[in-house]
Amino acid sequence: MLFNSGQFILFFLVVLLLHYLLPTRARRWLLLAASYFFYMCWNPKFIALLLTLTLIDYFAALWIERSEGPKRKAALWFSVGANLLFLGFFKYYNFFAANLAQLLGGHTSAFAFDIILPLGISFHTFQSISYVVDVYRNEQKPIRSLADYALFIAFFPQLVAGPIVRAREFFADFYHWRPPSAQMLQDGLLMMLLGLMKKMIAADQFAQVANKYFASVTTTPGFYPAWGGVIAFSLQIFFDFSGYTDIAIGSAALLGYHFPENFRRPYLAASITEFWRRWHMSLSKWLRDYLYIPLGGNRRGPLSTYRNLMLTMLLGGLWHGASWNFIIWGGYHGASLAVERLAGVDPNRPIPWYARAPRALLTCSLVAIGWVFFRAATFRDAWYVLGQMFSLPPQGKFLLSTNLNRLALLTLVLATTEERWSWFDRLSRAPLWLFAAVVAVSLLLLELFSVTDIAIPFVYFQF
Amino acid sequence: MSSSRRVIFGFLLGTFAFILIEAFLFRTNLYRRALLPFSTTGSLEMVLDAERARPIRHPNQILAIGDSRMALRTWMANQLGTKYTFAFAGVAGTLPRVWRYLIRDIDPTRNRYAAILLPVDDYDDEDWEDLGNRSTDLRYLIYRLRYRDLPEFASSFTTNEMKLTAAQGILLRGTVLKDDLADFLNNRPKRIDLVSGQTRSWFGIQEDYTGVNKTMEGLSVDWVNRRVTYPVRLSAAERKTVDDILMRGSIPQTGSKANYMRHWFGKIIDQYAGSRTKLIFYRMPRGPLVRPASWAKKQTHSIRDLAAKPNTILLDEHLFDLLEKPEFFMDPLHLNAEGCRLFTEILTRKVSQVLGE
């Protein structure tokens, strides 16, 4: 059930209606049932996996609370190990098996299994790990009610592709639930509309160009096609993922829950360090809190900091998918962060306006180069595309049509003005007539310009 | 009103405003006048407008409906000296479901025609494609469908996905017209030229068009060994089309075609119940060669059954047998210029005779 399908809109309307009609105590059961139904619409068999991990982490947290010393640590490692075991098997087994088989001189599929990657496993395992680690660190009290904990893990707006919500954030809303304020409602509705427009009008248009290019990179050689394909993918993945997140945040807001911000105009970042403070922010914070800082962060000297940055980003890359390309992508970003630290780039230091634009352009280009490894089907393809991106003299045809160029320019203007004047925030406090006008125009744009003849799944569903 | 209720009211107000704007754009003539003339929607609207605008000077009007195979050349028919005036409102690729709504809107008073000619492949039914689920029907008819048509039209599709798409299209025409709109926005000057010239070019085709002079001579089939000999001039794609039509296998006969025919022709017949208009069915020339009768088990006879209804006439099913030869066809489906001429002459004379000279 995709967020941009009529099926989801209908499902969400029913859940929303029942949520406000039912007495408060029944709402958790409604949301839990709805979340499991939502998950089972994809593949009913994998509900067993979700339930198993829910039970393990629920009891592990209680065990941690009641234990001391080594037993406490054992409970933590049991829970974290179980999550990583499931994640490792479903997501990485075939990757490691293929590499092992190759090392031993056999066929890559010699030890392979026919494994289906359970939907959202990367997200809900990270959410579970953060919960048990927080309990271990005494930053979170264990949840007594199994149903409440199960809802935290399975809550449908964020189950499939985040944002990765911390237990304290979720339960602050859950245990002190109040009907959403008028501004939260207005914000939620606008976020949902914005998310749908990002996905259906922008992402899916750019996806068609990127998919065609990356399906067979050698058929359209040259500088311009390579940059066209890469820019198309850069825009697709941003609009796709941030669109998904906007719908998740908006639908949660309508139910009375606050989700953390996940994207803040990342392509306007003036450095790679700033980029990671604006892109998939809930993952960046998770990696910082549960990986980078426990590794030592920047507390043990420069060399240790660079190593920690590399390790964090390598694992961050591997989290996205089981392939060498993702590891290289993570390593590329880790190295970029290390170089920036070495060069003394401080993302907190204000940048004069005349320096910001060229630095943003440079950052954007570096990020786009990184996306080549993220998107290309094989390392060979990625290497070929990179070669074309730097081939001179520039040849071939730029793949983005005039309309897509206009769309890209329009979104750049919107993002830049939002950065300066926060018009979206102002919109959520707009008078009634303006709000109604925005709704009307958004619905008309969705009706007339969304891609509906082909179904393009959300990019992050594969993770 | 509480603040939260104000937001909900604002959202509903925005939704209502969207519906009004959508209706202003697509439920008036505003965008209809700018439709791509020879697109699915545009061609049907063009045919409808041309026929509605045609002056009616006497009551003996005969309307011919059909798809691209409908070979009646009305200008030839009208020169044959019968007391009837023949008009054509055929649209390539259309079938009875489309004709039902087209006829309804061409002749809302049910008094315009002495007869309407309705072509069929056969008087007996053979299932070989899912006629009920053709998504193009929604595109052809989008300007003809009203809110009240939603239950009948949407439920007539066979898959839930198409039922939903059809319902959505009837409620929000923009969802169907958005490809046409995108083309318009991308090619505005070209579209304006096309739209301003469409009426002239449409009548240009009607008034002196005879047809194509190619033939299928050289086509033969060894039905026993299922071996086709193609005319030398045919390309590989054209040969494949010949195979798909002549050599196609049979599928399990579920009676779906019979149900489709009964339903949609039944609707047309019901529309004219109690009127002066006769509905004349005839079997079109089936092709340059005719598949052996034993290749299909035709268990239902929907058109023969419909003949029992008032105002309904079935012409002799062998009326066009003499045209079912390679020399009268330009491809496996369509008559050539000579075939069209003979077809027009035979049909015109037969219809005049049946209705009374």
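The values are calculated or read from the model by the stated rules, or taken from the named source; none is laboratory data. All of these numbers come straight from a predicted model, not from anything done at the bench. We place every Cβ from the backbone using ideal geometry, glycine too, and count neighbours over all the protein chains shown. The area values use the complete protein model at the heavy-atom level, side chains included, leaving out ligands, DNA and RNA. Shrake-Rupley method; radii C 1.70, N 1.55, O 1.52, S 1.80 Å.
Output wanted: per-residue J couplings in Hz (rounded whole) for region B:160-173, from phi through Karplus 6.51 cos²θ - 1.76 cosθ + 1.60, θ = phi - 60°, x for Gly and Pro.
Each residue of region B:160-173 in turn: 4, 4, 6, 4, 5, 4, 5, 4, 4, x, 5, 6, 10, 4 Hz.
For B:PHE329, list long-range residues whose amide hydrogen, built 1.01 Å from N in the peptide plane, is under 5 Å from its own amide hydrogen.
Sorted by chain and number, the residues that satisfy this are B:MET216, B:ASN336.
With unit charges on the beta carbon (Lys/Arg positive, Asp/Glu negative), name the residue among B:PRO231, B:ALA296, B:ILE245 whose Cα is farthest towards the positive pole of the charge dipole of region B:228-298.
Most positive-ward Cα: B:ALA296.
Quick one: angle between helix B:236-246 and the longest Cα principal axis of chain B, in degrees between 0 and 90, rounded to 10, please.
It is inclined by approximately 80 degrees.
For region A:6-177, with every protein chain kept in place, what is the accessible area per residue (1.4 Å probe, Å²)?
On the way: 8190 Å² over 172 residues.
Dividing the accessible area of region A:6-177 by its residue count gives 48 Å².
Helix B:3-26 versus the longest principal axis of chain B: what is the Cα-based angle in degrees, 0 to 90, to the nearest 10?
The angle comes out at about 40 degrees.
Quick check: Cα centre of region B:38-99 to Cα centre of region A:306-384, how many Å?
Spelled out, the Cα-based centre of one part sits 65 Å from the other.
Show me, for region B:340-355, the HN-Hα J-couplings you get by feeding each phi into the Karplus relation (A = 6.51, B = -1.76, C = 1.60, θ = phi - 60°), rounded to Hz, glycine and proline as x.
4, 4, 5, 4, 4, 5, 5, 5, 4, 5, 5, 5, 4, 5, 5, 7
If you place +1 on the Cβ of every Lys and Arg, -1 on the Cβ of every Asp and Glu, and leave all else neutral, what size is the dipole of chain A about its Cα centre, to the nearest 20 Debye? Walk me through the numbers on the way to the answer.
Values: 38 positive and 24 negative charges, 176 e Å.
Here the size comes out at about 840 debye.
Residues of region B:164-193 losing 40 Å² or more of accessible area relative to the isolated chain, 1.4 Å probe, heavy atoms only?
At a threshold of 40 Å² (probe 1.4 Å), the residues of region B:164-193 that become less exposed are B:LYS178.
How would you classify region B:33-355 from its alpha-carbon gyration tensor, with a ≥ b ≥ c the square roots of the eigenvalues: rounded for a/c under 1.5, else prolate if a/b is greater than b/c, otherwise oblate? Don't skip to the end; give the middle numbers.
On the way: a/c = 1.24, a/b = 1.19, b/c = 1.05.
It is rounded, given that a/c, with a ≥ b ≥ c, falls under 1.5.
Quick one: putting +1 on the C-beta of Lys and Arg, -1 on the C-beta of Asp and Glu, what dipole do you get for region B:33-355 around its Cα centre, in Debye to the nearest 20? Each step should come with its number before you reach the end.
Working: 47 positive and 39 negative charges, 169 e Å.
Using Cβ point charges on Lys, Arg, Asp and Glu, region B:33-355 gives about 820 debye.
Where nothing but the Cβ of Lys and Arg (+1) and of Asp and Glu (-1) is charged, how large is the charge dipole of the protein assembly as shown around its Cα centre, in debye to the nearest 20?
Numbers: 89 positive and 65 negative charges, 357 e Å.
Taking the Cα centre of the protein assembly as shown as origin, the dipole is about 1720 debye.
Give me the percent of accessible area attributable to carbon and sulfur for the protein assembly as shown, probe 1.4 angstrom. Display every interim value, and only then the final one.
Working: 23420 of 37710 Å².
Answer for the protein assembly as shown: carbon and sulfur cover 62 percent of the accessible area.
Defining a contact as two alpha carbons under 8 Å apart and six or more residues distant in sequence, what relative contact order in percent does region B:118-253 show?
Numbers: 67 pairs, mean separation 27.1, N = 136.
Worked out over region B:118-253, it gives 20 percent.
Using the Cα gyration tensor of region B:174-317, with a ≥ b ≥ c the square roots of its eigenvalues, what is the shape: rounded (a/c below 1.5), prolate (a/b larger than b/c) or oblate (neither)? The partial results should precede the final answer.
Working: a/c = 1.82, a/b = 1.13, b/c = 1.60.
Taking the square roots of the gyration eigenvalues as a ≥ b ≥ c, region B:174-317 is oblate.
Need one value for A:435-446: mean number of C-beta atoms belonging to other chains within 10 Å of its residues' C-beta atoms.
Numbers: counts 7, 10, 5, 2, 9, 10, 4, 2, 9, 8, 1, 3.
Per residue, the average neighbour count from other chains is 6.
Along region A:375-392, what does the Karplus equation 6.51 cos²θ - 1.76 cosθ + 1.60 (θ = phi - 60°) give for ³J(HN,Hα), rounded to whole Hz, x for Gly and Pro?
Taking θ as phi minus 60°, the curve returns 9, 4, 5, 9, 5, 4, 4, 4, 5, 4, 4, 4, x, 5, 5, 10, 7, 10 Hz for region A:375-392.
For the protein assembly as shown, what is the percent of antiparallel DSSP beta bridges, rounded to the nearest 5?
Once the DSSP bridges in the protein assembly as shown are tallied, antiparallel ones form about 25 percent.
Tell me whether region A:1-159 comes out rounded, prolate or oblate; compute the Cα gyration tensor, take square roots of the eigenvalues as a ≥ b ≥ c, and use a/c under 1.5 as the rounded threshold.
Details: a/c = 3.29, a/b = 1.22, b/c = 2.69.
Oblate shape, in that a/c is at least 1.5 and b/c is the bigger or equal ratio.
Suppose we compare each residue of region B:4-39 in its chain alone and in the full protein complex with a 1.4 Å probe; which ones drop by at least 30 Å² of accessible area?
B:SER4, B:ARG6, B:VAL7, B:GLY10, B:PHE11, B:GLY14, B:PHE18, B:ILE21
Can you spot the lysines whose alpha carbon is less than 28 Å from B:LYS267's alpha carbon? Ignore those fewer than 8 places along the same chain.
Reachable lysines: B:LYS163, B:LYS257, B:LYS278, B:LYS297, B:LYS298, B:LYS309, B:LYS350.
Rank A:PRO142, A:LEU10, A:ALA97 by how far each Cα sits towards the positive end of the charge dipole of region A:6-177 (+1 on Lys, Arg Cβ; -1 on Asp, Glu Cβ) and give me just the farthest.
About the Cα centre, the residue reaching furthest to the positive side is A:PRO142.
Return the calculated 222 nm mean residue ellipticity for chain A, to the nearest 500 deg cm²/dmol, obtained by summing -39500 (n - 2.57) across DSSP H runs with n ≥ 4 and dividing by the residue count. Walk me through the numbers before you get to the answer.
On the way: 21 runs with 309 residues, N = 463.
About -22000 deg cm²/dmol.
Could you state, as a whole-number percent, how many of the C-alpha pairs of chain A are farther apart than 39 Å?
Details: 24414 of 106953 pairs.
That fraction is 23 percent.
Which whole-number value in Å² is the accessible area per residue of chain B, probe 1.4 Å?
Numbers: 16690 Å² over 357 residues.
Value for chain B: 47 Å² per residue.
Chains A and B: buried accessible surface, both sides, probe 1.4 Å, rounded to 100 Å²?
Working: alone 21960 and 17590 Å², together 37710 Å².
Accessible area lost upon association: around 1800 Å².
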